[in-house]
Amino acid sequence: KDCEGPVLLLVKDTWQNVIKDIPFNSDEQALEITTNSADGSEEMIYMNLYDNERSRMGDIAIKWTTPMKYSLYFCIDGWIEFSTTPPSEQDKIWRITKTSTQLEIKCNSVIVSHIDINTQCRDPTQWNKTVEGIWFSPYDSASDAYRIADTWQDVKIPFNSDEQVLEIKTNGTGGLLYVRFYDSDHDCRMGSPAIAIYWGTTIQYYLYSCSDWTIFPTTPPPEQDKIWRFTKTSTQLEIKCNNVVVLRINTSSQCDDPDHNWSKTVKKIKFSYYDTASNSYQITGASDTVNLIDS
């Protein structure tokens, strides 16, 4: 499956707020996740948990090994088998409930793990905290959808780089814009392309699997309020800032991309947890996408 960023439902041609993490309160709410991974596929649920200061307090990971195993960062070292084997159905709903002293994981209504935090966690002070934010890690390859309360949400934002462009609003003089691209629902590897823009002494960009941090060939306009427009084909990438082309790159010849990830059609996007600059985004149609660069 795919990899990293905020979890939002797409409303086409409408600016959407960028969520840096998913608001949650483990004292009052439970988290449910749907998966459809095959036995032995090695796919994973992988979530980071954050406290009220946005400090990472732990992770929950579940891996489709044979037998299935799970890991709790800051609690249990390594991967362990569930105390009760998860049901055999491929379609699963996982329900995770946590208090200051207890953690329970259910799969299709069967309790598969129950942890006493004070006696079974190597660092109970971390897991005693209230979880106030969650994030689906880049390593997550199994999660299809989640819900808190009553509404299921897509883990990744639907997109099609053959037909659409991505626009992002920023209004700061510092921070990081960071977006990951995925070619399908079932392809989450660290080699997946990503675009990052950093407000340092000069504004620089970074293309994962393509280039290191580099100054834009054309300096972005000086206005603090910026709209970034990203257009991608199988061979080209263009970045505009306030309608000024600040980067055009031939990804087929200029990227160090042995797996040809930049040639693939982008089907999903996610904003990284580390993104501190993006305020809102929209996905729009683009008549100039296919023949992006003729000159």
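The values are calculated or read from the model by the stated rules, or taken from the named source; none is laboratory data. Not measured: the values here are computed from a predicted model. All Cβ positions, even for glycine, are placed from backbone atoms using ideal geometry, and neighbour counts span all protein chains on display. Surface accessibility is based on the protein's heavy atoms, side chains included, excluding ligands, DNA and RNA. Shrake-Rupley method; radii C 1.70, N 1.55, O 1.52, S 1.80 Å.
What percent do you get for the relative contact order of segment 27-81 when only Cα pairs under 8 Å and 6+ apart count? The value is 26 percent.
Within the full protein context, the accessible area of Tyr73 is estimated at about 100 Å² for a probe radius of 1.4 Å. Here is the list for segment 42-134: GluC sites (Glu not before Pro) lying in DSSP coil, each with at most 13 other C-beta atoms within 10 angstrom of its C-beta, are Glu42, Glu53, Glu89. Translational diffusion of segment 155-260, estimated by Stokes-Einstein from the Kirkwood radius over alpha carbon pairs at 25 °C in a medium of 0.890 mPa s, is 169 µm² per second. Ranked by the mean number of other Cβ atoms within 10 Å per residue, highest first, peptides 134-145, 218-229 order as 134-145, 218-229.
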